[in-house]
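The values are calculated or read from the model by the stated rules, or taken from the named source; none is laboratory data. Every value quoted in this text rests on a predicted model; they were computed, and no experiment measured them. Every residue, glycine among them, receives a Cβ derived from its backbone with ideal geometry; neighbour counts consider all protein chains shown. For accessibility, only protein heavy atoms count, side chains too; no ligands or nucleic acids. Shrake-Rupley method; radii C 1.70, N 1.55, O 1.52, S 1.80 Å.
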Amino acid sequence: MLIILDKVNYVYSEGSGFEMKALNDISLTINKGEFIGLIGHTGSGKSTLTQHLNGLLRATSGKIYYDGQDIYDKDFNMKSLRSKVGLVFQYPEHQLFETDVFTDVCFGPKNLGLDKKETELRAFEALEMVGFPKELFYNSPFELSGGQKRRAAIAGVLAMKPEVLILDEPTAGLDPKGRDEILDRIKKLHDDTGMTVILVSHSMEDVAKYVGRLIVLNHGSIMYDDEPRKVFAHYKELEKIGLAAPQLTYILNDLNKAGFDVDTGAITMDEAAQAVLKSLGR
Amino acid sequence: MGIVKSEDLTFEYIIRDDDDNVENVKTAVDHVSLDIEAGQFIAILGHNGSGKSTFAKHINALLTPTEGTIWVDGIDTKDGDRLWDIRQTAGMVFQNPDNQIIGTIVEEDVGFGPENLGVPTPEIWERVDASLEAVGMTEYRHHSPNKLSGGQKQRVAIAGILAMKPKCIVLDEPTAMLDPNGRKEVIATITKLNKEENVTVILITHYMDEVIGADKVFVMDEGKVVLEGMPKEVFSKVELLNTLRLDVPQTTELAYRLEKAGVPIRRGILTIDELTTELKKLRAGL
């Protein structure tokens, strides 16, 4: 078990008139090598939760353990936690600031105190991992397309060689092909290196396609924590909390009601096509 | 002439090197001619960098053409004296609400537009009430925008435009940051404005399923309009859309997969109802 959260609570503006409970008794275990999806309506506590995992926010009460160590212990090295748990914020390209992409990606490892050679090697590897074109390494971030900027920004976090990679809506604003390209890269990274990945997303289709475990947050509490197909079986409950299932779930349930014998638990395009073909006797 | 009409609209920007010499000229919009009828719901699709946002910025004169002309409600946007008429006619909502919100309280922010237009105070409040109601943000009217989530901020930004009662609203990826419910609400809101108030809607999006109710879809690539038609016509062209870095709604994609596997199903199916009806017909052997 890599990360354990034990009854974590977080209260914003505690003691003021605007006091608000953002996390409510969250207990959670994250294992090494998992690919987890985190969904919830805006304001459900997703970002607050992810910011606890690398110590950016401190729980009002409760404990968090990383690799068996209590991260609130006074001897715990919080700085090293921040390099082990890499957090890619929404629209990370807004944080690109160096004059060229390569220097920007070097910023993280350089700050870890690595020498020039190791820093540059890591930046190179990270840019490779996200499929960033070599001929653009020394271009200004401002000359890049949306998808390329996003990749450069993700590479900046990967260059720190995190054990856990948390991505907060990494595909927002990208065209459909750009979305697939980024998520395929992350999936490959997960499969090849065993990196633990947490994907925060508003796209039910994306989490259905990529993750092995899906956590649903509602008003700061965990509502579901299961395989995606089992979570999406509760699509009516998900709608009540501002979410939905992938469009395919609705199609298959509709067909089922119309008397077609289809597996309504199919959540990816391949599975759904198979399910419908089977029901048609093909 | 429609509410928005462009003729050979071309926009070029110049890239300069460190010594201010012209290094390159890029054509972001390349001879686009189109005519949008008042009251229509128009969608513009295209990959990142295809020129759709640059085109959209011409509709409320944030940019003016390098070549060609665009008229908004009959006004040539190069007519500097009419700038405020143009901007009141065509309101613009952007992807990132943080760049559009200025008020310290939600209702103040929404009232900013009509106040600037010199609308009498009682009417400002009427407009603020109606606009906040339309985007489902009434209960947050006394909140600070800073304390809202991204999705809530976006709905406030839309309310701010609505309060100016524009004839045309241009929305540049308004749902990119929203959760499924937020997206549904925004799309339902702009659909209602279009149907009931006859506001012309021009929606730029990367979500194909938001487009199925549109009257017309334009697809852009390399600054040009490469495809236009009704949603079912445009989404029949699955392979072409894929080469343009786009996709189709999941329902359309599923029907397409079935067709590929030999199921004799018609092209351009957009809704779940259409798909179910079509498959029922097949089962009955019709």
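Entry comment: accessible area of segment B:92-182 is 42 Å² per residue, from protein heavy atoms only and a probe of 1.4 Å. Sequence-distant contacts, meaning Cα pairs under 8 Å at least 6 residues apart, place the relative contact order of segment A:81-195 at 41 percent.
Solvent-accessible area of B:Lys192, all protein chains in place: 100 Å² (probe radius 1.4 Å, heavy atoms, ligands and nucleic acids excluded). Quotient of the Cα radius of gyration of chain A and 2.2 N^0.38 Å, N being its number of residues: 1.08.
Ranked by accessible surface with a 1.4 Å probe, highest first, in what order do B:Trp71, B:Trp84 come?
B:Trp84, B:Trp71
So, counting K/R as plus one and D/E as minus one, what does the shell of residues with Cβ under 9 Å around A:Arg213 add up to? Neighbourhood net charge equals -4. Among A:Arg151, A:Arg82, A:Arg282, B:Arg257, the order of accessible area from largest down is A:Arg282, A:Arg82, B:Arg257, A:Arg151, computed with a 1.4 Å probe on protein heavy atoms. For A:Lys84, the lysines whose Cα falls under 16 Å of its own Cα, not counting residues fewer than eight places away in the same chain, are A:Lys32, A:Lys110, A:Lys161. When only Cα pairs below 8 angstrom with a gap of at least 6 residues are kept, chain B shows a relative contact order of 21 percent. In this structure A:His52 has an accessible area near 0 Å², from a 1.4 Å probe over the protein heavy atoms. Cα centroids of segment A:196-273 and segment B:65-81: how far apart, whole angstrom? Using only Cα atoms to place each centre, the spacing works out to 47 Å.
Counting Cβ atoms of other protein chains within 10 Å of each Cβ in B:47-54 and taking the mean gives 3.
With all protein chains in place and ligands, DNA and RNA left out, the 1.4 Å accessible area ranks A:Glu125, B:Glu126 as B:Glu126, A:Glu125, largest first. Per residue, chain A exposes an accessible area of 44 Å² to a 1.4 Å probe, with every protein chain left in place.
Here the Karplus curve 6.51 cos²θ - 1.76 cosθ + 1.60, taken at θ = phi - 60°, turns the phi angles of segment B:5-16 into couplings of 9, 10, 10, 6, 5, 10, 10, 10, 10, 9, 9, 10 Hz, with x standing for Gly and Pro. Which residues of segment A:129-173 show a drop of at least 20 Å² in accessible area when all protein chains are present, compared with their chain alone (probe radius 1.4 Å, heavy atoms only, ligands and nucleic acids excluded)? Listed in order, they are A:Gly173.
Note on A:Lys79/A:Asp226: beta-carbon distance plugged into 1/(1 + (r/R0)^6) with R0 of 41 Å gives a FRET efficiency of 0.75. Close Lys pairs in segment B:4-231 (alpha-carbon distance under 17 Å; sequence gap of 8 or more, or different chains): 24. Each pair of Cα atoms in segment B:163-258 enters the Kirkwood radius, and Stokes-Einstein at 20 °C and 1.002 mPa s then converts it into a translational diffusion coefficient of 148 µm²/s. List the aspartates and glutamates whose Cα lies under 13 Å from the Cα of A:Lys46, skipping any in the same chain that are fewer than 8 positions away. Excluding near neighbours in sequence, the set is A:Asp168, A:Glu169, B:Asp179. The solvent-accessible area of B:Lys232, taken with every protein chain present and a 1.4 Å probe, is close to 100 Å². Basic side chains Lys and Arg get +1 at the Cβ, acidic Asp and Glu get -1 at the Cβ, and with that the dipole of segment B:4-231 about its Cα centre reaches some 640 debye. Straight-distance candidates among the aspartates and glutamates for linking to A:Lys209, with alpha-carbon spacing under 12 Å and chain neighbours fewer than 8 residues away dropped: A:Asp180, A:Asp184, A:Glu227, A:Asp270, A:Glu271.
For chain A, the relative contact order is 21 percent, taking Cα pairs closer than 8 Å that sit 6 or more residues apart in sequence and dividing their mean separation by the residue count.
Helix B:180-196 and the longest principal axis of the Cα set of chain B meet at an angle near 80°.
Rolling a 1.4 angstrom probe over the protein assembly as shown with all protein chains present gives an accessible area of which 48% lies on carbon and sulfur atoms.
Taking chain A as the reference, fit the longest principal axis to its C-alpha atoms, fit the long axis of helix A:247-257 to the helix C-alpha atoms, and give the angle between the two in degrees, 0 to 90, nearest 10. So the inclination is approximately 10 degrees. Run a plain Debye calculation on chain B (Cα atoms as equal point scatterers, no solvent) and give log10 I(q)/I(0) at q = 0.08, 0.11, 0.12 Å⁻¹, rounded to two decimals, same order as the q list. So the normalised log intensities are -0.39, -0.71, -0.82. Along the axis of the charge dipole computed for segment B:4-231 (Cβ charges of +1 for Lys and Arg, -1 for Asp and Glu, origin at the Cα centre), the listed residues B:Thr89, B:Thr200, B:Val128 are led at the positive end by B:Val128. Once the partner protein chains are put back, segment B:145-179 shows a loss of at least 30 square angstrom of accessible area, versus the chain by itself, at B:Lys147, B:Ser149, B:Ala176, B:Met177, B:Asp179 (probe 1.4 Å, ligands and nucleic acids excluded).
Summary of packing: across the peptides B:216-225, B:159-168, the per-residue average of other C-beta atoms within 10 Å ranks them, highest first, as B:159-168, B:216-225. Its Cα gyration tensor gives the protein assembly as shown an equivalent ellipsoid; the semi-axes, largest first and in whole Å, are 37, 31, 27. The contact between chain A and chain B removes approximately 3500 Å² from the accessible area (both sides summed; 1.4 Å probe; ligands, DNA and RNA excluded). Within 10 Å of the Cβ of each residue in A:266-275, the mean number of Cβ atoms contributed by other protein chains is 2.
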